[in-house]
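Enquirer: One structure, as C-alpha cells, below. Some questions next.
FYI, it's all coordinate maths here, none of it is from the lab. Note that the coordinates shown come from a computational prediction; the quantities given were computed from them, not determined experimentally. Positions of Cβ are generated from backbone atoms using ideal geometry, with glycine treated the same way; all protein chains shown enter the neighbour counts.
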C-alpha cells in the first residue's frame, strides 16, 4: 500500500468513518499466512507493508469461510464480498530493525439482513 492509502485509514479512524469493501478480498484466519503476503519492508521503501486484521464478531453473510472448499485448506481462507462494512479500530506500527509493518484492526459493522439488498440498491 501507499502512504496515501495509510492516510485514508488514519482519517477513517479519526472520524469514526464506516468503510466499505469495494472488491472481493481474500483473507486468512491465520496471521502467519496473512503476514507472508505483506512481510515487513525497509523504512526507506515507498510502499508500506500493511496487514488488515478484520474482526467479525457476529455472523456476516458477506464473509464466506472457504475452508471446506479451498485448494489451500491450511490457509483457513475467508472471502470478503463487496459491500462488507468495517470501522477502523486501531492502527499499529511495528518496527523491526530497519524494517516496518503496519497492522490495521477493522471491526465489521453488521447490516441487518432485511437491509442488505436495500443498501446495495441505493449504492448503485
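Enquirer: Counting other beta carbons within 10 Å of each Cβ, put 86, 98 in order, fewest first.
Expert: Exposure proxy ranking, most exposed first: 98, 86.
Enquirer: While we're here: Classify the stretch 20-69 as rounded, prolate or oblate from the Cα gyration tensor: take a ≥ b ≥ c as the square roots of its eigenvalues, call it rounded if a/c is under 1.5, otherwise prolate when a/b beats b/c and oblate if not.
Expert: Taking the square roots of the gyration eigenvalues as a ≥ b ≥ c, the stretch 20-69 is prolate.
Enquirer: Work out how far the C-alpha atoms of the stretch 1-43 reach from end to end along every principal axis, then list the three figures in whole Å, largest first.
Expert: Dimensions of the stretch 1-43 along the principal axes of its Cα atoms: 30, 28, 16 Å.
Enquirer: What is the Cα radius of gyration of the chain over 2.2 N^0.38 Å, N being its residue count?
Expert: 1.14
Enquirer: How far is helix 3-14 tilted, in degrees, relative to the longest principal axis of the Cα atoms in the chain, given as a value from 0 to 90 rounded to the nearest 10?
Expert: 60 degrees
Enquirer: If you rank 109, 95, 27, 44 by fewest surrounding Cβ atoms within 10 Å, what's the result?
Expert: Ordered from fewest to most neighbouring Cβ atoms within 10 Å, 109, 95, 27, 44 come out as 44, 95, 109, 27.
Enquirer: As a test of the definition: which semi-axes, in Å, follow for the stretch 50-95 when you take the square root of five times each eigenvalue of its alpha carbon gyration tensor? Largest first, please.
Expert: 22, 16, 8
Enquirer: Next question, about the same structure. Kindly state, to the nearest 0.05, the FRET efficiency for residue 99 paired with residue 8, given R0 = 30 Å and r defined as their beta-carbon distance.
Expert: The formula returns an efficiency of 0.85 here.
Enquirer: Kindly express, to the nearest 10 degrees and within the range 0 to 90, the angle between helix 113-123's C-alpha long axis and the longest C-alpha principal axis of the chain.
Expert: 70 degrees
Enquirer: How high is the relative contact order of the chain, in percent, counting Cα pairs under 8 Å that sit 6 or more residues apart?
Expert: Averaging sequence separation for qualifying contacts and normalising by length gives 32 percent for the chain.
Enquirer: Now, a different point. Using only DSSP helix segments of four residues or longer, with each worth -39500 (n - 2.57), what per-residue ellipticity at 222 nm results for the chain after dividing by its residue count and rounding to 500?
Expert: Only helices count here, giving -7000 deg cm²/dmol.
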